[in-house]
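Colleague: Sharing a structure, written as structure tokens. Questions coming.
The values are calculated or read from the model by the stated rules, or taken from the named source; none is laboratory data. Since the structure is predicted, the reported quantities are computational estimates derived from the model, not experimental observations. Every residue, glycine as well, gets a Cβ built from its backbone with ideal geometry; the counts of neighbours run over all protein chains shown. When the accessible area is computed, the model is the full protein with side chains, heavy atoms only, and any ligands, DNA or RNA have been set aside. Shrake-Rupley method; radii C 1.70, N 1.55, O 1.52, S 1.80 Å.
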Amino acid sequence: MEFRTHVFSALIFRTYMRLLRWDRSGVVVTKKILFNHRSLFVFFHQFSLATEADRGRDSTVTAANLSLRESQNIRKLLGCNEEISLLKVSVDEKDYFISKTEILGSTSPIGRSTRCIKAFSPERNGLVLLKD
């Protein structure tokens, strides 16, 4: 599961298509785009030049850069093994560390589905419940 702010998809019909941009509030749908229309090529060109954030990746979630000792201690508290990667989540200038296996709730990229995540807070030196 990736942490995203939005995702793009396409509806393809026989002679045309529509591009869709999904986020937590709903979907935006383009008008009909003929396959040979310039706007389709412009979209894909612009998309290829876009930053990861513009493509929908949540920039507040990154790979955790921890020492071996810190990583082992956090994994023990979270109850996950060495094979599971740890992620750092930054919220209001505070960092939390999570494991992808500790996410409860919907995996849908749309809707107001809240995910609850068991997280380690360095500030509190213990576990907290982080709501996405």
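Colleague: Looking at the stretch 12-22, which of the residues that are within 13 Å of L40 (Cα to Cα) and under 22 Å from the mean Cα position of the chain (by Cα) is surrounded by the most Cβ atoms within 10 Å (Cβ to Cβ)?
Modeller: L19
Colleague: If you check K88, K76, which single one turns out to be open to solvent by 90 Å² or more (accessible area, probe 1.4 Å), under 30 Å from G126 (Cβ atoms) and not in a loop (DSSP other than H, G, I, E, B)?
Modeller: Details: K88 fails: open to solvent by 90 Å² or more (accessible area, probe 1.4 Å).
Exactly one of K88, K76 is open to solvent by 90 Å² or more (accessible area, probe 1.4 Å), under 30 Å from G126 (Cβ atoms) and not in a loop (DSSP other than H, G, I, E, B), namely K76.
Colleague: In this structure, is R18 closer than 30 Å to L86 by Cα and of a type in the set (K, R)?
Modeller: Details: closer than 30 Å to L86 by Cα: no; of a type in the set (K, R): yes.
No.
Colleague: Checking the condition open to solvent by 50 Å² or more (accessible area, probe 1.4 Å) and modelled with pLDDT of 85 or more, which residue from T114, T51, T107 passes? Step through it out loud before you land on a result.
Modeller: Numbers: T114 fails: modelled with pLDDT of 85 or more; T107 fails: modelled with pLDDT of 85 or more.
After ruling out the rest, the residue left standing is T51.
Colleague: For F43, are the conditions met, namely being touching a Ser or Thr at 6+ places or on another chain (Cβ under 9 Å), under 30 Å from G126 (Cα atoms), touching a residue at least 24 places away in the same chain (Cβ under 8 Å) and among the aromatic types (F, W, Y)?
Modeller: Values: touching a Ser or Thr at 6+ places or on another chain (Cβ under 9 Å): yes; under 30 Å from G126 (Cα atoms): no; touching a residue at least 24 places away in the same chain (Cβ under 8 Å): yes; among the aromatic types (F, W, Y): yes.
Criteria not met by F43.
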